[in-house]
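The structure appears right after this line, and notes come after that.
Each value in this text was obtained by applying a stated rule to the coordinates, not by laboratory testing. Computed from a predicted model, the values in this text were never measured in an experiment. Note: ideal-geometry Cβ built from the backbone for every residue, glycine included; neighbour counts use all protein chains shown.
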Amino acid sequence: MPGGAVKQREFKSYGLMAAVLIAFAVGIRTVLVLLQWPPTNSDEGIMAIIADDIAYHGKFPLMFYGQHYMGILEGYLGALFYHLTGGPSIVALRLGVIVLIGLFFFVMYRLTSIIYSKGMALFTLAMMSIGSIPYLSRQTLATGGSTETLLFGSLAFLIAMLLSLSYDRQASVRSKLLRMLGYACFGIVVGLGLWSDMVGLPLYAMATLLLLINCWRDILIWGGWFAGLLGGAIGLLPTIIYAATTNIPEGKNPLGILFGMAASTPMNAPPEQLSLWHKIVETFQVSLPTATSSPFCPVIEYPFMGDNTRRSLSCGIIQSSWSIGYLLLMITSITITILALKQLGRNKTESTVSEQHKLRVIFITRLCMSGAALLAIIVYINSSGPINQPGYHARYIVSLVAITPVILAPLWYAARRLRPELSWARTRLYGSRIILAAITISLIAGTYIAFTEVPGARAASSRRQHLIEQLTALHVSYLYTDYWTCYNLIVATMNTQHPIICAVIDDKLSNRHNRIKSYQKAVDTSKRPPLMCAKDLSLTTRDVYNCLPTIEALAKATNHKIGPYFVRHDLDGYVMYRAEPKT
């Protein structure tokens, strides 16, 4: 009885500490959002418009505007928080993302507690609660996909593991039929994850493999496959309805997009960037460190999203060292788990059948999680992601965050206990502690750096408001501008007395990047809408949206041909040309 009471107190204390750590992680992200960090962008602006359409215009969209894949759960959560907070705002929109991240941390605590220990789970939560600018940005920006991938991917593993642990070949028919509900829930989670963003596919594939290895009789004989497919269809219902009711161009359906991302190459990429070696280098020097929260030498190709570090030899060495360390930890974790599985097979008489089953499921779960990480990296290397903008495209391997416990486990256990039977025991113990301390300090530094970025984010917000005031003073209601400016202006003014509607143009003044056709039509049919382009190229992307030289040439040629027609207006960071013919 006393022993049971002690265990119960320990269980409650672990649960309390987990709640504190989750609250801490959620609190950090909430404070950053309230401080207007990270700076918003037009991708998030699209989600804000979606949430506004849901909350106030009776619309029920199924996909992210302008593309035929990626669900909008964040838009529906944003619409809810619009009502709860009294109106639309970027802060309200991001609260939905923070809720998803809080749920992800809870799932990770439960998952890690079972496959390792509650102490390891608390340590994992502590390490994941802080991180670099890209890491924290992905967990606060409402741009769709990333937080859903983390939540549904980890939840798929948790459900698969629980079903595997509870599997009993001798169970009654009633119990086997009740388990079908579990397989259906697994399918729903995977379906919702695939609807939200297909970059989580490695997680869902390996979680499914985990089920097949441990519960294949349930799945193949008792109809688990049907329950799983039925659940998957329910989770994918938004995608199915969208595909059935929308005229999707050939090759633009979700599967076509998925294979396209894995095989396509940028049109302007030079031959040397298409080589496998270039992809490997960019993956391990930029993408993997960015995705796994390395705070050093951040590569953010879009200047308005944060500071970008120039590529240098020193940064290459630092980032490569981070990636090499990551891979070594993964290899160590896989090796330890395989050896443990072999040991379990040799010592069958030393434990009960149920204990052996539990350990086998735990070891296989760890291996499947490692497999998900390896699969994600391999698929990414083979895709167009690392060819150019490897920092921005690191979001495609966000799945790596969900397997953090597997990476940390070797260090955690090596740092916790001294094994006298090993001749190098003290070196192993203190070396692991030093590495863990270095990682912890790095993550704390990354979080500190994020807070130092707050003044810059607030300045960007103020600068945008000043631009809006300038446009309002010029009585501009419709205009053409670049993508990264357009939807920010729409969101910032859509509930004001002077809303601004814009359509997107690129450096060639084409309109191929308009995500919301109704806005484009409104601008096209308005009377002499002006053209506005950034003169401060830190406000947009130079390679696609540097349209100022083109509109300057157009204005000069037009004015030379027919006399004064286009008038130049210098604004805060932008130049606007408006047709103001002399009457």
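Just a few scattered comments:
- Within the chain: Cβ-based charge dipole about Cα centre, in debye rounded to nearest 20 (Lys, Arg +1; Asp, Glu -1): 1400 debye
- The alpha carbon centroids of the stretch 201-240 and the stretch 117-169 are separated by 20 Å.
- Signed unit charges on C-beta, dipole axis of the chain, positive-most listed residue Tyr430, Leu158, Thr85: Tyr430
- In the chain, a dipole from Cβ-located charges (positive for Lys and Arg, negative for Asp and Glu) runs towards its positive end, and of Leu177, Phe566, Ser312 it is Leu177 whose Cα lies farthest in that direction.
- Computed per residue of the chain from DSSP H runs no shorter than four, each worth -39500 (n - 2.57), the mean residue ellipticity at 222 nm is -21000 deg cm²/dmol.
- Amide hydrogen proximity for Ser351: with H placed 1.01 Å from N in the peptide plane, no residue at 5 or more positions away or on another chain lies under 5 Å.
- Evaluated at q = 0.14, 0.19, 0.20, 0.24 Å⁻¹: base-10 log I(q)/I(0), Debye formula over Cα of the stretch 475-579: -0.51, -0.94, -1.04, -1.43
- Annotation for the stretch 35-118: chymotrypsin sites (Phe, Trp or Tyr not before Pro) lying in DSSP loop with at most 10 further Cβ atoms inside 10 Å of their Cβ do not exist.
- Other-chain or far-sequence residues with amide H under 5 Å of Lys535's (modelled H): Tyr574, Val575
- Coordinate range along principal axes, alpha carbons of the chain, Å, largest first: 99, 54, 50
- Kyte-Doolittle mean at least -1.0 and Cα axial length at least 30 Å: DSSP H helices in the chain: 2-34, 90-115, 173-196, 313-346, 353-381, 425-452
- Legend: distances between Cα atoms for Lys527/Lys582; Lys118/Lys358; Lys176/Lys342; Lys535/Lys582; Lys12/Lys118; Lys508/Lys535; pairs beyond 18 Å are Lys176/Lys342; Lys535/Lys582.
- Each part gets one Cα centre, and for the stretch 538-569 versus the stretch 425-486 those centres are 31 Å apart.
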